[in-house]
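Colleague: Handing you a structure now.
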């Protein structure tokens, strides 16, 4: 079989090479061992019978199946739960009560007119819920029906759906598959039972992790051996901690301890390993990843929450006028009713209007009144908002400018109820890998022997250069023309086609290096060719990667632990040092010194490998070359390497340091390379000690290993440094720049290590040279120390206080601070007593970067910001590790890229690239916010204007609960006659075009400042409604007083005529009002507004033609009664004008004296001034930014300030001139 | 809505990316979905503001003048008779007077016509403090019964005037019909009686479609309590115009209803003698009764309010025109002047 042949090649024992994680003597546990004493106790009660899943079919060992469900409802619970959800809205509950009561005689309206709209509204919302849940269900089904190979019996394996998996099953997972459940690793295709795991979905870390099975289970590496395999695992109960595991394995009458290195977690991926065997320990919702997931919360936007408050106010008004009404009613009944013989008050069946019991009548009437005045609370508000949001969501989904051509994925609003929240975002919390960066490294530059090579420039440099070049008068600075620099024009690039789109010649993935001095073997001509040779060898040798022959091209692909290493190997290959083979003890490199020569294959014996970890920040290999020379090659963080250089190894230190800072400024990730020649005797002595440490048993094994490694990694000779670009996603820096200009704060939360995060901070311009970095981290403490935690916390607290002090005392207005904190620090900083101070500090800082944070911490940080700042937060991420953060934030945005769908599934919006966030927020968010805000305000206006007229009429009808309008008018008012215009306002209004939104990021601030939905505006609209209601009622009543005829043939107006005329006025008044509110009329708006008015007349005609049994007194009312009466038409004109006069005066005055930004821009556009006066337009665009300390622009400005500062020093005379 | 579903259903197909599918996910371009529909964006420029107010003023003042003059042209004679038509000895005991069927309710009034009243002269009765708009009252009628002879038993909604005590349905049922106004007026000038035309005082549609010509009053006012007027049982409802007018309930507690028309000019200073049958009880709730003679113009009866309101609004708009002219003169702002942008007005918000 081809498979087995391949397997032989893979069967290598890496553990001999690895220092830390792999070779660990397996410890046979005594029963009295402290580590397992707690097993079997509370919290550690799980027992798993390996390979005997049948034992888990019944209690007490029955654990949940591997079926997962993330839906909110199921078929049975849907109805009760969804209905409960619906009636959690106060307004709906009120309307439900009203509908129930409408079945009793107290109701002023017919039951149908109450129940129909409610059923419609609730039904629509529930249908939406059902649909969304259905989608989740489909997604779950996809996951549940993935297949995995499971041991059936007698050593035979067969495929099973994930959901059928039981605890105790033995599974075989193959390369690049996800683990279906939490597994105990038994063996792998490698002889020593290691495997590589990508935990991207768990913690966002992209580097591969090595897992290793117990020695004792190593022989279990063939399908057949599982025939006999039996074992018992006793371990902890399900818990969300990703990095811990306590348990032991009873196998062949021995007990072995299991630690997290043997545990493979669900949703992580097997990499670089052909297959593994494992036993299922936790299934389904017991798995760590599922334990980490939180229920997807139902989110409501800020505006909706504020709207609830308005509804409470209206409720209070409603209750108040109902009380007035019922008191009035009771008083009428008590004191006057007995006089009203025409009502037959003494009738024995008269319960409602019995003069003997006015109190009871009053109470019953209270209910009537509450229903009658229900028009104050707009029932159709919710449904109209839902409709509008669906349309808005459709616009987001359909936006071609947020469609990713390459991936073929459009933007998507997954929940539509947060659209307007997009316009109010204050803080963005972003994941790094996959969100800001592509997670692809490009070898860009290097410094060898003090000479910097590589002419290509990083994205950051290119963009900065572009900025610099665009300052036409920037050169004028030197001529002393300093004043002009204050109006530096910074041209914002258009988002659609970023100007700085790079065009690089090189198409090799991971390699963007351009410099003829080193390429094509030219380096041999260089002065320091020896050093360069060493540099390349370090690149090719000092790593842990495995080459993989690409059969198509004949070249090699490298499976590296980190993308950096991959980039180094690709670079080495391009320089002529192709790493082609790795055996147990050797690395083979094909060296080619010039293109004409053939390659020479050299073998380097790898004697030891001192791994990288975040504490050591370096890795080394000890190799022996063909000539027998023993070398230690070491690469690592510059600070670490520099302090370990020998006296004569510092030749290039000064130059290299300078280059490193240049690279850092250009946003590149840097590493320093060095080597050391070892004497044979020295090595042998050291190796003896090293082996001793390696095989030692005990808690301090690692510390010992480190100490021994440290002994060797000294007296190094510096060779040079590498600069790798962590490729940002397209348009990320520009997008960040513009978001910063729109006044948004950006935090980066990443699982990556601190240095990486800082480098990316540079690349995205979140950090820049000259920014004061506040790094909060806990000093590595001795875990044995009892109060280590407390000490660390105190230390952190002190650091924060100092930093705060420093920030507070800063006088320079341009000074910018950056806060960088790691996960350990965060655990302390997020505790109750420190979090306020942490937040205070974070707010003072221009950028905040949190590194090495766990998914849970991401969520906690998000919550801290959300609750501490009290403003809208947006979280954006792409991996499963961002799910918590996405769910916790007010708005969660998922990047629908390559990293699976978990983040997208949990998100409210999904986009395929970070750069689309700008359009999503600045255009759609801005529009949606304004639309919804205006729409809600108008809704309240219109319902107050209408609802109060009903109340006024009551005062003239002895508070009896009679309405002047026909039931049908009222029913149609919200549902038909005024709904379409307001929906068209909510769906299509544009204050300014999308281009202007993007050109003037400052306009976005109208949202976070809540200019359009603050209380003064809401109350203003309510006041307008009150005014309109007064005008509508009293003018109508005065004109159509029943006292004089309203027609030339002498008839007087009855209630139907008065009601219809008044209603006509209302329809006109509210529709003219909305026309005044709109600033953007497409044919749709015209149709909706004018169509609504027309539909009212059409309705009247139709209703009047229907049988009088339906229309009652409204029969033929328009055609016969009102139509011919001129007073009807001229009263409509009068009242509609009077209602809208104050609003017109208000907006005219406001425009004349206090125009808002969008007013002015509308005018500029209207008069085409932007075309005529191009300079002004450009100038204003560059000014329309929020003061920001991050982003390109800030960076460029800092640089300009810096240059200016230097000039001031050099040319004091100019300084005087400019000051004066 | 459908498009949003369509695009979302593609969402989990990220792993299969054949070119066709890529194409299908791409939103189709349309000006609607890209929100680029051509739109008119009206702007409130000073010219337009002044124009609007001026237009309103120009439109409203003539309308106001016209309606005021029309209202002034209406001649109206109002005579309150509820108090005077009670014999002197019955003052303080009006209720006894009105409820006693044996008292003589006839009462004679003389009215002087102030100005010539062109034919037709409308005769109204006006009641006040009478809550025809009370919910108990308004609901107490059965439209079905009025329209269809077969539905005469549909009297449930008419309680308490649905059925007679012995269970027979009352036609027309309900409180409204039961409380039918029953004062009568007879006019004469110098003992020449004037014909009162009581035809066509109700809406034609009411007569033809709401009150059937096949439905005759039945069991009306036969109950224990007698409310208002009685109906001739031989005349179908469609011809009982007084009832039809009465059944159109008024919106306000003070209302007039058409009684009839005098189709003859009444000259100025003519004295009209009205013989009133004062039957209707407004005394228990203290309501006034008035007899009104009025002509009508194109705006109907006398209604100064409309004209005054129009003139007021027209005048207000005129002054707003002036106010805005002054405002624009003294605080001129070039439209689209960038210096009014917030970042220019508030120096701290801009970058230097």
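Bear in mind these aren't lab numbers, they're just calculated from the coordinates by the rules spelled out. As the structure is a computational prediction, the values presented were derived from the model and not from experiment. Glycine gets a Cβ as well: all are built from the backbone with ideal geometry, and neighbour counts include every protein chain shown.
Colleague: Between 0 and 90 degrees, rounded to the nearest ten: what's the tilt of helix A:1157-1166 against the longest Cα principal axis of chain A?
Modeller: Between the helix axis and the principal axis of chain A, the angle is about 80 degrees.
Colleague: Per residue, how big is the convex hull around the C-alpha atoms of the stretch A:621-714? Give it to me in cubic angstrom, could you?
Modeller: Numbers: hull volume 11.7 nm³, N = 94.
Cα-based convex hull of the stretch A:621-714, divided per residue, equals 124 Å³.
Colleague: Something else now. Over all directions, how big on average is the projection of the convex hull of the alpha-carbon atoms in the stretch A:40-175, in square nanometres? Can you show the working numbers first?
Modeller: Working: hull surface 54.6 nm².
Orientation-averaged projected area of the Cα hull: 13.6 nm².
Colleague: For B:91, A:365, which order do you get if you count the other beta carbons within 10 Å of each Cβ and list the fewest first?
Modeller: On the way: B:91 10, A:365 29.
Starting with the residue having the fewest Cβ neighbours, the order is B:91, A:365.
Colleague: Over chain B, what is the mean sequence separation of C-alpha contacts under 8 Å (at least six apart), divided by residue count, expressed as relative contact order in percent?
Modeller: Working: 575 pairs, mean separation 108.9, N = 352.
In percent, rounded to a whole number, it is 31.
Colleague: So for chain B, considering every pair of alpha-carbon atoms, how many percent are separated by more than 33 Å?
Modeller: Pairs farther apart than 33 Å: 56 percent.
Colleague: When the helices in chain B are scored as -39500 (n - 2.57) per DSSP H run of 4 or longer and the sum is shared across all residues, what 222 nm value do you end up with, to the nearest 500 deg cm²/dmol? Could the numbers behind the result be given before it?
Modeller: On the way: 10 runs with 100 residues, N = 352.
About -8500 deg cm²/dmol.
Colleague: For the stretch A:188-270, compute Rh as the Kirkwood radius over C-alpha pairs and then the Stokes-Einstein diffusion coefficient at 20 °C and 1.002 mPa s; write the answer in µm²/s, rounded to an integer. Spell out each step's value before the answer.
Modeller: Numbers: Rh = 14.1 Å.
Here the translational diffusion coefficient equals 152 µm²/s.
Colleague: Further question: Can you pull the one-decimal nm distance between simple spin-label points at residue A:291 and residue A:1149, each 7 Å off the Cα toward Cβ?
Modeller: 6.6
Colleague: Which whole number gives the average count of other chain Cβ atoms within 10 Å of the Cβ atoms across peptide A:391-397?
Modeller: Taking the mean over all residues of the peptide, I get 5.
Colleague: Hey, another quick one. Relative to 2.2 N^0.38 Å, what does the C-alpha radius of gyration of the stretch A:542-621 come to as a ratio? Two decimals please.
Modeller: On the way: Rg = 13.3 Å, N = 80, 2.2 N^0.38 = 11.6 Å.
Relative to the 2.2 N^0.38 Å estimate, the stretch A:542-621 comes out at 1.14.
Colleague: At a 10 Å Cβ-Cβ cut-off, how would you order A:103, A:165, fewest neighbours first?
Modeller: Numbers: A:103 11, A:165 22.
Placing the least packed residue first, the sequence is A:103, A:165.
Colleague: Here's something else I'd like to know. Considering the alpha-carbon set of the stretch B:157-285 alone, what are its Rg and its Dmax in angstrom?
Modeller: 16.6, 55
Colleague: Per the Kirkwood treatment, what hydrodynamic radius in Å, one decimal, follows for the stretch A:1093-1136 from the mean inverse distance over all distinct Cα pairs? Could you put the intermediate results ahead of the total?
Modeller: Working: mean 1/r = 0.0917 Å⁻¹.
Answer for the stretch A:1093-1136: a Kirkwood hydrodynamic radius of 10.9 Å.
Colleague: Please provide three numbers in whole Å: the alpha-carbon extents of the stretch A:258-334 along the principal axes, with the largest listed first.
Modeller: 90, 25, 19
Colleague: Same structure again: Mind pulling the per residue volume of the convex hull built on the Cα atoms of the stretch A:741-885? Å³ is fine. Before the final figure, lay out each step's value.
Modeller: On the way: hull volume 17.7 nm³, N = 145.
With only Cα atoms used, the stretch A:741-885 gives 122 Å³ per residue.
Colleague: Would you mind giving the three semi-axes, in whole Å and largest first, of the ellipsoid equivalent to the stretch A:903-983 according to its Cα gyration tensor? It would help to have the intermediate numbers written out before the result.
Modeller: Numbers: eigenvalues 378, 31, 22 Å².
Sorted largest first and rounded, they come to 43, 12, 11 Å.
Colleague: Please report, in cubic angstrom per residue, the volume enclosed by the convex hull of the alpha-carbon atoms of the stretch B:50-170.
Modeller: 280
Colleague: A further question follows. Could you let me know the centre-to-centre spacing of the stretch B:94-134 and the stretch A:340-387, using Cα atoms, in angstrom?
Modeller: If we compute the Cα centre of each part, the gap is 34 Å.
Colleague: Taking the stretch B:203-352, how much of its Cα-Cα pair set, in percent, is spaced more than 27 angstrom apart? Provide the component values of the computation, followed by the final result.
Modeller: Numbers: 6599 of 11175 pairs.
I get 59 percent for the Cα pairs in the stretch B:203-352 exceeding 27 Å.
Colleague: Angle between the Cα long axis of helix A:1191-1210 and the longest principal axis of chain A, 0 to 90 degrees, nearest 10?
Modeller: 70
Colleague: For the stretch A:846-892, what mean projected area does the convex hull of the alpha carbons give, in nm²? All intermediate terms of the calculation are to be shown ahead of the outcome.
Modeller: Numbers: hull surface 12.7 nm².
Here the figure is 3.2 nm², rounded to one decimal.
Colleague: Something else about it: Compute the normalised compactness of the stretch B:223-299: alpha-carbon radius of gyration over 2.2 N^0.38 Å, N being the residue count.
Modeller: Working: Rg = 15.6 Å, N = 77, 2.2 N^0.38 = 11.5 Å.
Against the empirical 2.2 N^0.38 Å value, I get 1.37 for the stretch B:223-299.
Colleague: Which whole-number percentage describes the relative contact order of the stretch A:822-933, with Cα contacts under 8 Å and a sequence gap of 6 or more? Could the numbers behind the result be given before it?
Modeller: Details: 160 pairs, mean separation 19.1, N = 112.
Here the relative contact order equals 17 percent.
Colleague: Suppose each label sits 7 Å from its Cα in the direction of the beta carbon; what would the residue A:688-residue A:120 distance come out to in nanometres?
Modeller: Simple spin-label model gives 9.4 nm for this pair.
Colleague: Would you list the P(r) distribution for chain A, with all Cα-Cα distances sorted into 10 Å bins from 0 and each bin expressed as a whole %?
Modeller: The calculated distribution, bin by bin, is 2, 8, 14, 17, 17, 14, 10, 8, 5, 3, 1, 0, 0.
Colleague: If you take the alpha carbon radius of gyration of the stretch A:306-438 and divide it by 2.2 N^0.38 Å, what ratio comes out, to two decimals?
Modeller: Numbers: Rg = 27.5 Å, N = 133, 2.2 N^0.38 = 14.1 Å.
Dividing the Cα radius of gyration by 2.2 N^0.38 Å gives 1.95.
Colleague: Counting pairwise Cα distances across the stretch A:684-738, what percent come out greater than 15 angstrom?
Modeller: On the way: 998 of 1485 pairs.
Pairs farther apart than 15 Å: 67 percent.
Colleague: Per DSSP H run of n ≥ 4, the term is -39500 (n - 2.57); total these for chain A, divide by its residue number, and report the mean residue ellipticity at 222 nm rounded to 500 deg cm²/dmol.
Modeller: Numbers: 38 runs with 521 residues, N = 1220.
Computed mean residue ellipticity for chain A: -13500 deg cm²/dmol.
Colleague: Restricting to Cα pairs below 8 Å that are 6+ residues apart, what does the relative contact order work out to for the stretch A:517-637? Please round to a whole percent.
Modeller: Values: 210 pairs, mean separation 23.6, N = 121.
In percent, rounded to a whole number, it is 20.
Colleague: Now, a different point. Quick one, what does Rg over Rh come out to for the stretch A:1013-1100 if you take C-alpha atoms and the Kirkwood Rh? Present the calculation step by step, with values, prior to reporting the outcome.
Modeller: Values: Rg = 16.2 Å, Rh = 15.0 Å.
With Rh from the inverse mean 1/r over Cα pairs, Rg/Rh is 1.08.
Colleague: At 20 °C and 1.002 mPa s, grab the translational diffusion coefficient of the stretch A:139-187 from Stokes-Einstein with a Kirkwood Rh over Cα pairs, rounded to a whole number in µm² per second. Spell out each step's value before the answer.
Modeller: Values: Rh = 11.3 Å.
Taking Rh from Cα pairs, D becomes 189 µm²/s.
Colleague: Something else about it: How large is log10 of I(q)/I(0) for the stretch A:948-995 at q = 0.18, 0.19, 0.26, 0.33 Å⁻¹ when the intensity is taken from the Debye formula with one equal scatterer per alpha-carbon?
Modeller: -0.68, -0.71, -0.92, -1.10
Colleague: Taking the stretch B:154-196 as the region of interest, what is the percent of Cα-Cα pairs per 5 angstrom bin, listed from the shortest bin to the one with the maximum distance?
Modeller: 6, 20, 18, 10, 8, 8, 8, 10, 7, 4, 0
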